[in-house]
Each structure stands twice: as C-alpha cells, then as structure tokens.
1. If we scan the range 74-81, do we find a residue that is out of contact with any Lys or Arg (no Cβ under 6 Å at 6 or more places or on another chain), free of Cβ contacts under 8 Å to residues at least 24 places away in the same chain and of a type in the set (A, V, I, L, M)?
2. Just give me the residues in the range 124-165 being over 14 Å from the mean Cα position of the chain (by Cα), of a type outside the set (Gly, Ala, Ser) and more than 23 Å from Ser32 (Cβ to Cβ), in sequence order.
3. In the range 42-86, how many residues are within 22 Å of Asp96 (Cβ to Cβ), part of a loop (DSSP other than H, G, I, E, B) and among the small types (Gly, Ala, Ser)?
4. Among the residues of the range 95-116, is there at least one that is touching a Pro at 6+ places or on another chain (Cβ under 7 Å), crowded, with 21+ Cβ neighbours inside 10 Å and touching a residue at least 60 places away in the same chain (Cβ under 8 Å)?
5. For the condition within 30 Å of Val131 (Cα to Cα), in contact with an Asp or Glu (Cβ under 9 Å, 6 or more places away or on another chain) and among the hydrophobic types (A, V, I, L, M, F, W, C), what is the one hit in Ala25, Ala81, Ala18, Ala13?
6. Here is a list of conditions, (1) outside any loop (DSSP other than H, G, I, E, B); (2) within 30 Å of Asn94 (Cβ to Cβ), and Glu160 meets all of them except one; can you say which number that is?
7. Of the residues that make up the range 10-20, is at least one in contact with a Lys or Arg (Cβ under 8 Å, 6 or more places away or on another chain) and either crowded, with 18+ Cβ neighbours inside 10 Å or at pLDDT below 95 (or both)?
8. Inspect all residues belonging to the range 146-161 and state whether any of them is out of contact with any Asp or Glu (no Cβ under 6 Å at 6 or more places or on another chain), within 24 Å of Asn59 (Cβ to Cβ) and surrounded by fewer than 15 Cβ atoms within 10 Å (Cβ to Cβ).
Amino acid sequence: MPSIYPQMPKHTADEKTALFETKTAFICEKYSSANIHGMYWQPLGRRVTEPELKKIKDNINQIALKFNYGKVKSISKSDKAFFDKEIMIWLRDNLDILPSEAGRPGVWYFFNISLFPHIVSWRWGNEKDGVYKINTERFLSRRRNYFGTLWWRAFFFKDEESADPYNLYSSLIEDDYVSLMERTSIVGYKPLMIAAAEEIVKIKKRTDLNGDTIRLIIRKAIISLRIHSSVHNLWVYSRDELKEITSEIFRQAENFILQT
C-alpha cells in the first residue's frame with residue numbers, strides 16, 4: 001500500500017510562513033519538527049510515522065552539512081545547483097510517495113514549513129541592507145515551493161532509459177527548469193519534457209552561439225513546442241518520434257532567430 005504524508009492546513013502554513021519570512025536558517029531550525037499534531041491526511045494509504053519523518057529530516061540535514069550548513073548564514077551561490085541535485089536524488093530514490101499524493105499542496109507545506117524551514121531559508125534567503133529576507137513563495141507557492149519543486153523535477157527528469165539516469169539533473173539550471181516546468185501544455189508528459197530538456201542541454205553546449213542567442217532560441221522553441229502540443233496529440237508518439245519532433249522544432253527555432 002502506498003504511503004500518505006501529513007498535510008498542513010493552509011491557514012497554519014500562512015501563519016508559520018509569516019513567522020519565517022525574515023528569519024535566518026539558524027532561527028528557523030528551532031521550529032523544525034516532525035510533529036504531526038494538527039495535520040490532516042488523505043483517507044486511504046499507509047500513514048508515514050513520526051520516526052520515519054525524523055529519518056527523512058536527518059538525511060536531508062546530513063546533505064546540508066556537506067555544504068557547510070551551520071557554518072555560513074546561507075549557501076554559497078556556486079553550491080546551490082549541486083545542493084539541489086543531491087536533494088533531488090535523495091527525494092526521488094527514498095521518498096515513498098505517489099504523484100497523486102505529491103500533487104497535494106499540504107504535503108509540501110508540511111515539508112517546507114514543519115520539517116525543513118531552516119533548509120528553505122538557508123537555500124533561498126538573502127540579506128540586503130542588514131535585513132535577512134526570503135520570498136514566501138519558496139514555502140507556499142504551488143509551483144515554486146522548494147521541496148515540492150525539487151521532487152517534481154526529480155520525477156520528470158530522472159531518465160530511467162539512460163545509462164546515467166541523473167544526467168539531466170546536472171545539466172539543467174534554474175532557468176531551464178522554469179522554462180520546462182511552468183509551461184502547462186508541456187508539463188505532465190515525461191517523455192516530451194525529457195526530449196525538450198535534452199535539446200536544451202545540446203544547444204547550450206554549442207560554441208558557435210553566444211549566450212543571448214541560445215536563450216532566444218530556447219524561448220522560441222519552447223513557445224513553438226507549446227503551440228505544437230496544443231494542436232497535436234503528442235501522447236500517441238513513441239519516445240524516438242518525440243525526440244525527432246522536438247529536435248526539428250529546436251532546429252526551426254534556431255533558423256528563425258539567426259535570420260532575424
């Protein structure tokens with residue numbers, strides 16, 4: 001039987017997030033808890049226990065320690081992508097959760113706000129003019145909350161058919177994920193998302209194109225892919241056929257940008 005996870009009510013999430021908005025990770029850590037009191041659950045499934053939640057917490061904390069958590073106020077810019085990748089791999093390989101359960105905002109409220117407010121603050125907090133602040137969407141947003149976002153990225157971009165299933169985790173950057181994950185006509189169909197991600201990785205390796213041109217080509221290709229997917233049922237194509245379609249769309253996008 002699949003596991004189900006505690007869900008934090010939205011009003012509780014809002015109240016607690018307001019508390020963390022200007023708090024450093026070390027203060028937020030004092031509020032970190034695997035306590036499930038006051039949470040709610042889906043009616044069917046095996047409820048994850050508090051000892052299991054504490055084990056999840058311990059494992060993620062161990063990853064953070066490898067990146068100097070506890071020694072620096074916030075993670076270094078150069079380490080962020082590597083830290084995210086390690087968290088993604090751990091979540092994908094160890095979290096016993098179905099996509100249907102992962103689609104419930106309350107689950108990620110619990111992760112971001114109860115289990116790991118310190119990790120979210122440490123990863124996304126910034127100090128400006130002596131004030132430490134974190135954008136609350138990293139706790140609450142359906143699309144941009146930290147742990148939920150990482151789990152869905154890990155789910156969609158782990159390529160089980162590849163010799164290196166985690167290759168895309170290392171090759172994609174934040175802007176790439178945003179382009180692929182926040183386009184509703186693309187997100188949801190894993191083979192298409194992997195095909196598009198592979199094209200992005202491929203074009204970013206080109207040495208004959210500058211960075212601005214590459215970004216324009218990617219933007220144009222993603223828009224074209226959205227249009228294509230809205231008028232064609234891409235779900236009926238094989239993975240190889242999807243790769244051909246996606247490659248051609250990126251080729252046309254490149255020609256368009258280079259000719260304008």
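1. No, the range 74-81 contains no residue that is out of contact with any Lys or Arg (no Cβ under 6 Å at 6 or more places or on another chain), free of Cβ contacts under 8 Å to residues at least 24 places away in the same chain and of a type in the set (A, V, I, L, M).
2. Lys128, Asp129, Asp159, Glu160, Glu161, Asp164, Pro165
3. Within the range 42-86, residues that are within 22 Å of Asp96 (Cβ to Cβ), part of a loop (DSSP other than H, G, I, E, B) and among the small types (Gly, Ala, Ser) number 1.
4. Scanning the range 95-116, I find at least one residue that is touching a Pro at 6+ places or on another chain (Cβ under 7 Å), crowded, with 21+ Cβ neighbours inside 10 Å and touching a residue at least 60 places away in the same chain (Cβ under 8 Å), so the answer is yes.
5. Ala81
6. Unmet condition: (1).
7. no
8. Yes.
The values are calculated or read from the model by the stated rules, or taken from the named source; none is laboratory data. Bear in mind that the values here come from a model prediction, so they are computed numbers and not experimental data. As a convention, Cβ positions derive from the backbone with ideal geometry for all residues, glycine included, and neighbour counts pool all protein chains shown.
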